[in-house]
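Each remark here refers to the structure printed beneath this line.
The values are calculated or read from the model by the stated rules, or taken from the named source; none is laboratory data. Bear in mind the structure is a predicted one, so any value in this text is a computation, not a measurement. Cβ placement follows ideal geometry from the backbone for every residue including glycine, while neighbour counts extend to all protein chains displayed.
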Amino acid sequence: MNGGNKRYTGNRFWLTACTLVFGLGLLVAMAPDFTGGKKPRELTPDDNPVIKKDSAASIKAFASVYKVLMSPRCMNCHPSGDVPLQGDDSHLHIMQPTRGKDGKGISAMKCANCHQPANTPGLHTPPGNPNWHLPPADMKMVFQGKTPRQLARQLVDPEQNGHKDLRKLLEHVNDTLVIAGWHPGEGRTTPPLPYAEFKKAWITWIENGAYAPKK
Amino acid sequence: MLMATVSCKINGKDQTLEVDPQMPLLWAIRDVARLKGTKYGCGVAQCGACVLHLNGEAVRSCVTRVTRAEGQKVVTIEGLSENNDHPLQVAWQEIDVPQCGYCHSGQIMSAAVLLRENPNPTDQDIDRAMGGNICRCGTYPRIRKAIHRAAEMLRSGGKRNGTDL
Ligand code: FES
Ligand code: FES
């Protein structure tokens with residue numbers, strides 16, 4: 001066992017507090033543009049998010065989307081089995097928690113027992129989010145092992161995507177658990193594109209028809 | 001240091017803790033509430049020695065901020081039963097599970113949630129539920145046996161677990 005949290009002392013508290021205050025200030029000052037440089041339109045439930053059918057633009061944008069979704073920060077919670085993955089090498093989560101019915105784990109191994117509402121300070125400590133979970137057992141939304149075509153088709157299929165129509169799918173990019181991938185906690189890499197670029201690619205993919213690549 | 005007041009129910013008693021709001025619940029329980037049964041192993045949610053119940057869930061208190069307990073119910077190994085007679089505690093003694101003993105309050109608190117949700121666990125259910133609790137002495141076979149034994153006691157009308165104290 002190694003530990004970033006070995007002994008809780010006054011000194012350590014002040015060090016953590018100062019780091020947090022400084023870090024928060026820095027984060028505010030450097031706050032990324034979460035609009036993706038392009039604000040999604042305000043959509044009513046009847047609006048179709050597809051503006052035009054441009055398969056070339058859509059598929060080109062999906063290449064960026066795919067790169068991000070297959071990165072460990074996204075794929076680790078979309079495993080092909082029932083155990084989440086961990087680390088930049090996407091190994092099986094060390095204590096082998098299982099997804100359970102609702103994706104939130106089972107009995108003494110529920111996600112929220114370790115994953116707090118926010119990241120735990122320290123190297124390789126559990127990352128956090130108030131709604132930490134895997135997809136549920138009846139809709140596993142597997143990313144691991146999927147080709148771009150398979151993944152794109154799965155993403156737009158309400159029977160496989162958590163019953164989302166394209167409008168809801170478009171908005172899903174704003175989900176705090178999606179955004180958490182770019183704040184993964186100490187010792188973990190972020191996805192290969194900045195969030196703003198990912199968001200832009202996501203919107204472009206859907207607004208141009210949400211096409212699936214050939215392969 | 002900026003202090004916070006955290007009011008919660010610990011083992012059925014209302015308590016008010018004057019603590020640093022960043023403090024892990026584990027330290028509040030051990031050093032402020034003076035309940036030493038919950039152990040410190042790794043401090044990074046890897047070993048399970050610090051498991052206690054927060055509103056009935058087996059949280060790892062080393063990574064849980066004390067402020068998460070505000071207005072909530074905390075149960076530690078000391079409060080699992082009134083007379084150390086929870087079926088798990090009885091089974092643990094009967095089978096003489098511990099070696100050094102350090103991991104066992106966490107083991108029992110995790111097992112209590114397992115039995116609440118699954119009164120008739122298979123070996124696989126036990127392994128899945130207990131996979132986050134490490135025992136350096138390797139008492140796993142006895143832990144498994146004791147959980148089966150406690151489940152048997154519960155099924156035949158033994159005392160329910162006290163997580164809802
Ligand atoms: S001390 Fe909390 S999990 Fe190890
Ligand atoms: S009995 Fe020694 S660590 Fe479990």
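One table, with the values for the structure above:
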item: Flag for A:Gly100 being touching a strand residue (DSSP E or B) at 6+ places or on another chain (Cβ under 9 Å) and within 14 Å of chain B (Cβ to nearest Cβ); result: yes
item: Elements of type helices (runs of 4 or more DSSP H) contained in the range B:15-132, each with 1 or more residues being away from ligand 2 (no atom under 16 Å from the Cβ) and within 25 Å of A:Thr98 (Cα to Cα); result: B:104-117, B:123-130
item: Residue tally, condition crowded, with 23+ Cβ neighbours inside 10 Å and either out of contact with any strand residue (DSSP E or B) (no Cβ under 8 Å at 6 or more places or on another chain) or at pLDDT below 95 (or both), over the range B:81-106; result: 8
item: Residue, farthest from ligand 1 (Cβ to nearest atom), within the range B:40-64, restricted to residues that are facing another protein chain (nearest Cβ under 7 Å) and surrounded by fewer than 24 Cβ atoms within 10 Å (Cβ to Cβ); result: B:Glu57
item: Hits in the range B:133-146 - residues which are closer than 22 Å to A:Cys111 by Cβ and either more than 9 Å from ligand 2 (Cβ to nearest atom) or surrounded by fewer than 23 Cβ atoms within 10 Å (Cβ to Cβ) (or both); result: B:Ile134
item: B:Val74 touching a residue at least 24 places away in the same chain (Cβ under 8 Å), touching a strand residue (DSSP E or B) at 6+ places or on another chain (Cβ under 6 Å), surrounded by 16 or more Cβ atoms within 10 Å (Cβ to Cβ) and of a type outside the set (S, T, N, Q); result: yes
item: Residue tally, condition more than 16 Å from ligand 1 (Cβ to nearest atom) and within 13 Å of chain A (Cβ to nearest Cβ), over the range B:73-119; result: 8
item: Residue selected from the range A:79-121 under the condition part of a loop (DSSP other than H, G, I, E, B) and at positive phi, by the criterion surrounded by the most Cβ atoms within 10 Å (Cβ to Cβ); result: A:Ser107
item: Residue count for the range B:1-29, restricted to those that are more than 13 Å from chain A (Cβ to nearest Cβ), surrounded by fewer than 18 Cβ atoms within 10 Å (Cβ to Cβ) and touching an Asp or Glu at 6+ places or on another chain (Cβ under 7 Å); result: 2
item: Pairs with Cβ under 9 Å, 6+ apart, first in the range B:96-109 and on the phi > 0 side of the Ramachandran plot, second within 10 Å of ligand 2 (Cβ to nearest atom); result: B:Asp96/B:Arg142; B:Gly101/B:Cys137
